[in-house]
Amino acid sequence: MMTGAQNWLALSDRGLCNDDPVPHALLDQGLFVMELALPLEPTTILLNHQAEDGWPRTFAVFHDGAAGLVLLHRQGQSVARHHLPGPLPLGSGVGRLCFHFDAPARHWSLTFQMIIETGAAPDPARRLSACGSNPLPLRLADMAALCAASATKSAHPAVLWFGLTRGDAPPARAPWVGQRTPVETTRGPVAAGHLTAGDIVLTLDDGPQPLTAVHRFDLPSKGSFAPILLRAPFFGQGQDLLISSDQMIALAGSEVEYLFGEDEVLVEAGHLADGRTALLDQRRAVTASVALEFANPALVLADGCALLCAPMAQAATGPDTLPRRSLQGYEVLTLMALMGRSGRHRAA
């Protein structure tokens, strides 16, 4: 799970995500991902990267209300035009465009799907796809230039973020906390970004436990990856906490016991976003984040807020492995309406 989160080669406003790739190397297969705020203008240039050093190169994405989406890729005298027929799904929200290319296999595909639909659940049927042959490899230096902070300012405002990975699917999301999140340890509160494997962290159920691993990575902070800012004193006692929308936190109180017959329950942070006590935070393009790993799922305290940390080797954390019951989105709405906003939401 965490391995996937580290597999971005390049991200918008970040450039190359590590120094290992040779900048002038060609990537002969991979996946270019872009998330867009919908609806789009009828005729729009979303991206347009041009380079002339050595030989002319272009990597551009266009939208036409009737024709759909076109990705134009040029390397010297070779030009590839990839077309995804439209029109795009109607409605407002966030859409994701994926361009998969495999030059050795001489195959490419374009897919577009609404992944966040305002006021409704995303419809899996609202998915467009197209495929073809003979794509061109991508030059990593061009991707680094396209993703540089100075270059992304020229992208259309509807472009939320974009990135490049070697895989054939976007890297999996994983729960994380911000680097400044204060985590209770045997040494007192320590910022999550300063923790290392072997540090002893205080857990709610099992007392002091050693961290088996600490994962640090950069992720997009917009679109489907937008984090949640938990406001103090409703969650943290003295400071706001920045966490991923799929990070689970524990809630307790008489309302929890009344509705669910449990002392505490687990809730994904994204379900708590109400615009006041928990905010969708898209102020930055990329967030430096931390995932804490234990041998078994554990609840740790961060400024009084209990956060679930699970082994990252698990492809998914099933309900049988969680230390508390996990609520569904509709259950969270009922709980938050009953709890109101007058007091702090505590784990214990």
Study note, to complete from the structure: Checked the stretch 2-17 for anything at pLDDT below 70 and either open to solvent by 10 Å² or more (accessible area, probe 1.4 Å) or out of contact with any Pro (no Cβ under 9 Å at 6 or more places or on another chain) (or both); matches are M2, T3, G4, Q6
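Residue by residue, here is whether (1) over 24 Å from L9 (Cα atoms); (2) free of Cβ contacts under 8 Å to residues at least 12 places away in the same chain holds:
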residue	(1), (2)
V177	no, no
E184	yes, no
I200	yes, no
T203	yes, no
G207	yes, yes
F234	yes, no
D246	no, no
I249	yes, no
G253	yes, no
Check your understanding: Looking at this structure, is G275 on the phi > 0 side of the Ramachandran plot, in contact (Cβ under 8 Å) with a residue 60 or more places away in the chain and not polar (S, T, N, Q)?
Key -> no
Review point. Can you tell me which residue in the stretch 198-233 is least open to solvent (accessible area, probe 1.4 Å), limited to those that are in a loop (DSSP other than H, G, I, E, B) and of a type in the set (D, E)?
Key: D199
Check your understanding: Just checking, which of L292, L280, L251 is within 20 Å of the chain's Cα centre (by Cα) and either buried (at least 21 other Cβ atoms within 10 Å of the Cβ) or of a type in the set (K, R) (or both)?
Key -> L292
Study note, to complete from the structure: With criteria (1) of a type outside the set (S, T, N, Q); (2) without any contact (Cβ under 8 Å) to a residue 40 or more places away in the chain; (3) surrounded by fewer than 18 Cβ atoms within 10 Å (Cβ to Cβ), E41 comes up short on (2)
Exercise for review: For T287, work out the one condition from (1) open to solvent by less than 10 Å² (accessible area, probe 1.4 Å); (2) at pLDDT 90 or above it doesn't fulfil.
Suggested key: (2)
Check your understanding: Quick check: anything in the stretch 132-145 touching a Gly at 6+ places or on another chain (Cβ under 6 Å) and either open to solvent by less than 20 Å² (accessible area, probe 1.4 Å) or without any contact (Cβ under 8 Å) to a residue 24 or more places away in the chain (or both)?
Key -> no
Revision key, fill the gap. Restricting the stretch 260-273 to residues that are open to solvent by less than 60 Å² (accessible area, probe 1.4 Å) and touching a helix residue (DSSP H, G or I) at 6+ places or on another chain (Cβ under 9 Å), the one nearest to F234 (Cα to Cα) turns out to be L272
**Study point:** Within the stretch 167-197, considering residues that are in a strand (DSSP E or B) and closer than 22 Å to P311 by Cβ, the one most open to solvent (accessible area, probe 1.4 Å)
**Key:** E184
Practice item. Count, please, the residues in the stretch 145-187 that happen to be closer than 30 Å to P210 by Cα and not β-branched (V, I, T). Key: 12
Practice item. May I ask you to list the residues in the stretch 290-348 that are more than 20 Å from L242 (Cα to Cα), modelled with pLDDT under 80, touching a strand residue (DSSP E or B) at 6+ places or on another chain (Cβ under 9 Å) and not hydroxyl-bearing (S, T, Y)? Key: A313, P319, M339, A348
Exercise for review: Mind listing whichever residues of the stretch 149-166 are open to solvent by less than 30 Å² (accessible area, probe 1.4 Å) and more than 21 Å from T44 (Cβ to Cβ)?
Suggested key: L164, T165
Review point. Which of the residues belonging to the stretch 234-248 are under 26 Å from the mean Cα position of the chain (by Cα) and outside any strand (DSSP E or B)?
Key: F234, F235, G236, Q239, D240, S244, S245, D246, Q247
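The values are calculated or read from the model by the stated rules, or taken from the named source; none is laboratory data. All figures in this text were calculated on a predicted structure; none of them were measured in a lab. Glycine gets a Cβ as well: all are built from the backbone with ideal geometry, and neighbour counts include every protein chain shown. Ligands, DNA and RNA are excluded from the accessible area calculation, which covers all protein heavy atoms including side chains. Shrake-Rupley method; radii C 1.70, N 1.55, O 1.52, S 1.80 Å.
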